[in-house]
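Student: My structure is below; once you've seen it, I'll send some questions.
Each value in this text was obtained by applying a stated rule to the coordinates, not by laboratory testing. Source: prediction; values computed, not measured. Here the Cβ positions follow ideal geometry from the backbone for every residue, glycine too, while neighbour counts run over all protein chains shown.
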Amino acid sequence: MPFLSDNQSVATTVVVANVLAGKFNRVLQENSKVTVAMTGSVVSGFATVIVGRELLIDGQEIPDTAASPRNPEDIIAQTVGRAGEEVIIGIRNANAGANVIRTHVYIEPI
């Protein structure tokens, strides 16, 4: 089962278009269940999740647990994607300080 992760400190008002950019398994190799779990270190971290042409969430606030994402507690989106579709996760920090945003993506072939 492919697993993708990303941890990054996002400065105030910064938007990251795709935290998975450049990662090999961001493009699904086969039809798969895609599960996204995220956390931030402080409030006001927001996420957008797209799989293929399906917009799952747009500007959803993520939990501010200041810990690694837990499955299932910190799941923010789940869907089924087709082979060849790309997983895109955008993030935005609206906090007055830096926000460490952690992302886990579980890909389960079906």
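Student: Considering region 61-73 alone, what residues qualify as being within 11 Å of the chain's Cα centre (by Cα) and of a type outside the set (A, V, I, L, M)?
Tutor: Pro69
Student: Using the structure shown, decide if Gly40 is out of contact with any helix residue (DSSP H, G or I) (no Cβ under 6 Å at 6 or more places or on another chain) and free of Cβ contacts under 8 Å to residues at least 12 places away in the same chain.
Tutor: no
Student: Test Ala11 against the stated conditions and say whether it is surrounded by fewer than 18 Cβ atoms within 10 Å (Cβ to Cβ), touching a residue at least 24 places away in the same chain (Cβ under 8 Å) and either within 11 Å of the chain's Cα centre (by Cα) or under 19 Å from Ile107 (Cβ atoms) (or both).
Tutor: For Ala11, the condition - surrounded by fewer than 18 Cβ atoms within 10 Å (Cβ to Cβ), touching a residue at least 24 places away in the same chain (Cβ under 8 Å) and either within 11 Å of the chain's Cα centre (by Cα) or under 19 Å from Ile107 (Cβ atoms) (or both) - is not met.
Student: Looking for whichever is under 18 Å from His104 (Cβ atoms), part of a loop (DSSP other than H, G, I, E, B) and within 14 Å of the chain's Cα centre (by Cα) here; the options are Ala47, Ala37, Ala21. Which one fits?
Tutor: Of Ala47, Ala37, Ala21, the one residue that is under 18 Å from His104 (Cβ atoms), part of a loop (DSSP other than H, G, I, E, B) and within 14 Å of the chain's Cα centre (by Cα) is Ala21.
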